[in-house]
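First, the structure itself, so that you have it in front of you.
The values are calculated or read from the model by the stated rules, or taken from the named source; none is laboratory data. Remember, it's a predicted structure, so these values are computed and weren't measured experimentally. Don't worry about glycine lacking a Cβ; one is built from the backbone with ideal geometry, like all the others, and counts go over all protein chains shown. With ligands, DNA and RNA removed, areas are computed over all heavy atoms of the protein, side chains included. Shrake-Rupley method; radii C 1.70, N 1.55, O 1.52, S 1.80 Å.
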Amino acid sequence: MEEATAYLRDGVLSHLEKLEAHARKLALKQEETQRQQENLVRLRARIQELRLQRDELQTKVNLQQVGLIRQEGATGSNVEPVQAAETGGQALLKWKVENVKAMLQAFRLTGISGKLTKQGVCFCISTAYEGTYLDSYYLDLLIQQPVQIRHHSVPIFIPLEQIAKKYLQTDIKCFLAMLSDHLNAYAGRKYQADQLQDHYSAFLEGTLQRNSLHNVLFFNYDVETESKTFPFRAKLVYGDLTRSLPTEATITCKAGDVSDSLVEKTAAHSNLFRHMALHKAFNSFRRAAESLDQTA
């Protein structure tokens, strides 16, 4: 009887290890796919940027020609300099409009859309996680010197002011890209926590504790291993606010007597949480539990 129990336990543990290995492989494949998509977006944005630079050079040539006309007009009648100044102003305004249009076209590929307004441009940053569209946020910029944020719907805990201070006046494209990274990462972290609480509450002991930014999570959960149910405590820290996966995952077992194999499981859980979406990690726990029930 003891040999049968040991054989059964070893079989279940082996199956659980295979599931965890498969989960890690899926996580790595998911990361690679995401990297490829990000590279494609960057390449498309680079193409738009090069086109924009081409238009800028053409505009500068036009402005230089206008400057020559202005200089020639200064030695002639008083009417011609005025016309030259008006032409220069129109060329500069046209360049600014074309610059914004090209930027909108480039960002359309990255979930950022926008439309020109009378005083500037209004951007919409749409967030998504693994193909699921989530919330959208709006940003109304006043195009002047300096560029100003007129209105926005960005949550207060997103470091908008710091991002704007660093990029808004020097590189609007970089400003929007960085803000989009922060918003998408926040939306992804929140989505994972919601999925865990809504669909995997059977594993949780008590409530999931999280802050507004969802960059620190605390929760207790139970997982069946070695034919017993063990309680675990988890603390997930998202040190990089532009990512939706934790940089730190501290897992401890609340059981008094912890075996070596259980210590290994604790380490495996920590690795799983750092490389896989939270709800998908618990889905792997569910499959392992279902497999255990079938072999019992």
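Suppose the filter is open to solvent by less than 50 Å² (accessible area, probe 1.4 Å), under 30 Å from Phe285 (Cβ atoms) and among the hydrophobic types (A, V, I, L, M, F, W, C); does Leu208 pass it?
In short, yes.
Those residues that are loosely packed, with under 13 Cβ neighbours inside 10 Å and acidic (Asp, Glu), I need them from region 241-263; list them, please.
Within region 241-263, Asp257, Asp260 qualify.
Okay, moving on. Could you tell me whether any residue of region 196-205 is under 27 Å from Ala277 (Cα atoms), out of contact with any Gly (no Cβ under 8 Å at 6 or more places or on another chain), at pLDDT 95 or above and surrounded by fewer than 19 Cβ atoms within 10 Å (Cβ to Cβ)?
No, region 196-205 contains no residue that is under 27 Å from Ala277 (Cα atoms), out of contact with any Gly (no Cβ under 8 Å at 6 or more places or on another chain), at pLDDT 95 or above and surrounded by fewer than 19 Cβ atoms within 10 Å (Cβ to Cβ).
If you scan region 143-167, which residues turn out to be open to solvent by less than 30 Å² (accessible area, probe 1.4 Å) and without any contact (Cβ under 8 Å) to a residue 24 or more places away in the chain?
Within region 143-167, Leu160, Ile163, Ala164 meet the criteria.
Given the criteria surrounded by fewer than 18 Cβ atoms within 10 Å (Cβ to Cβ), within 22 Å of Tyr137 (Cα to Cα) and of a type in the set (A, V, I, L, M), does Leu176 qualify?
Details: surrounded by fewer than 18 Cβ atoms within 10 Å (Cβ to Cβ): no; within 22 Å of Tyr137 (Cα to Cα): yes; of a type in the set (A, V, I, L, M): yes.
The answer is no for Leu176.
Right, something else. Going residue by residue through region 220-232, is there one that turns out to be in contact with a helix residue (DSSP H, G or I) (Cβ under 9 Å, 6 or more places away or on another chain), surrounded by fewer than 19 Cβ atoms within 10 Å (Cβ to Cβ) and more than 19 Å from Tyr200 (Cα to Cα)?
So far as region 220-232 goes, yes, one or more of its residues are in contact with a helix residue (DSSP H, G or I) (Cβ under 9 Å, 6 or more places away or on another chain), surrounded by fewer than 19 Cβ atoms within 10 Å (Cβ to Cβ) and more than 19 Å from Tyr200 (Cα to Cα).
Within region 190-206, can you find the residues that are in contact (Cβ under 8 Å) with a residue 12 or more places away in the chain and farther than 23 Å from Ala128 by Cα?
Phe203, Leu204, Glu205, Gly206
Name the residues in region 186-237 that are among the aliphatic types (A, V, I, L, M), in a helix (DSSP H, G or I) and more than 20 Å from Ile156 (Cβ to Cβ), would you?
To start, the set of residues in region 186-237 that are among the aliphatic types (A, V, I, L, M) comprises 187, 193, 196, 202, 204, 208, 213, 216-217, 223, 234, 236-237.
Narrowing further to those that are in a helix (DSSP H, G or I): 187, 193, 196, 202.
Hits for region 186-237 are Leu196, Ala202.
Is it fair to say Thr266 is among the polar types (S, T, N, Q), modelled with pLDDT of 75 or more, assigned to a helix (DSSP H, G or I) and farther than 17 Å from Leu28 by Cα?
Yes: the conditions hold for Thr266.
So, in region 241-273, how many residues would count as being closer than 30 Å to Asn184 by Cβ and in contact with a helix residue (DSSP H, G or I) (Cβ under 9 Å, 6 or more places away or on another chain)? It would help to see each step written out before you state the result.
Going residue by residue through region 241-273, those that are closer than 30 Å to Asn184 by Cβ are 241-251, 267-273.
The next check asks that each one be in contact with a helix residue (DSSP H, G or I) (Cβ under 9 Å, 6 or more places away or on another chain); those that pass are 241-251, 268-269, 271-273.
Number of matching residues: 16.
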